[in-house]
Structures are given as structure tokens and as C-alpha cells.
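Student: Let me give you the structure first, and then I'll get to my questions.
The values are calculated or read from the model by the stated rules, or taken from the named source; none is laboratory data. In this text the structure is predicted, and so the values were computed from the model without any measurement. Quick reminder, even Gly has a Cβ in these numbers, built from the backbone with ideal geometry, and neighbours come from all protein chains shown.
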Amino acid sequence: MSGQIRSPQPSTPQLLALIPAPPLNPATASPPADFETFWAAYPRKVGKGAARPAYVRALRKTDAGTILRAIKATRWDRREGLRYVPHPATWLNQERWLDEIDAPEDAFLSEIGLSGPELRAQGVDTRRAEREYIRRTLPP
């Protein structure tokens, strides 16, 4: 075997260069630049680390504009601060941008800042007022 030429063995770095890189894991991938826009728009500022990968996953299902529009259109329950507002990661993981927006009747009461019983105590016909509100807000 003395006359055979042996090819040199590749070094470890050369072998590692041949191994394809694994696909990006959403938990470790850097979030898109618009994540900060989402974070600024979302009312509850908790769990930012969990929200980043959830946002990356959500962008596989919808676009950032849809998520932001849903955040702005949602009536957030502000009882006891933001206790009843879901964490951002939960909201994203549950695809809450697909939720139905509150009925116009609820929007009416929210807009005037009174509840139905308070209005009735003032002698306001709430059904008539709600119908008028709906008539004004819906396109012709």
C-alpha cells in the first residue's frame, strides 16, 4: 500500500460547512421590525419575550396591518386596570384578530360613556337611541 495516494481528510470546520443550517425557529428568530409597532399599539405591556415568537407565527397567517386594525377596533375591558385584557402572546396565539367586533349597541353605550341602566334612570329610551346610533354609523 505504499504506492497509493491518500486524499487528505477534511477538517472539522470543512465538515461543518457542508451541513445545511437548520430552519429558523420562531422562538429564536429576530422579530420583524413592525413588532415594535404592534407592541406600542397593544394596550397591555406584559410578556414581551413571549409575544415576539407569537407575532412571528401570527405573521404566517395574516399581515401586520390586519393585526393592527384589529387592535384599534377592539374595545378593551379596562375594569381594574387592564386585568381582563389578554396578554399579547395569548391574543396572538388565539388569533384574536379574527374575533367579531362588539355590536354597534355596545359601541353606542361606550361612546356616550353611560350604561343602559344609567340612561334609563335619566329617562332616555335606550332602544331608540341605539337605533339612531346604528342609523348614523352604518353606511347608507
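Student: Could you please find all residues in the range 69-93 being polar (S, T, N, Q) and more than 9 Å from the chain's Cα centre (by Cα)?
Tutor: 74
Student: Could I ask something else about it? So, in the range 72-88, how many residues would count as being touching a Lys or Arg at 6+ places or on another chain (Cβ under 9 Å) and in a helix (DSSP H, G or I)?
Tutor: Selection size over the range 72-88: 1.
Student: Considering each of 57, 96, 52 in turn, give the residue that is modelled with pLDDT of 90 or more, surrounded by 11 or more Cβ atoms within 10 Å (Cβ to Cβ), within 29 Å of residue 131 (Cα to Cα) and outside the structural domain of residue 128 (by TED's automatic domain parsing).
Tutor: After ruling out the rest, the residue left standing is 96.
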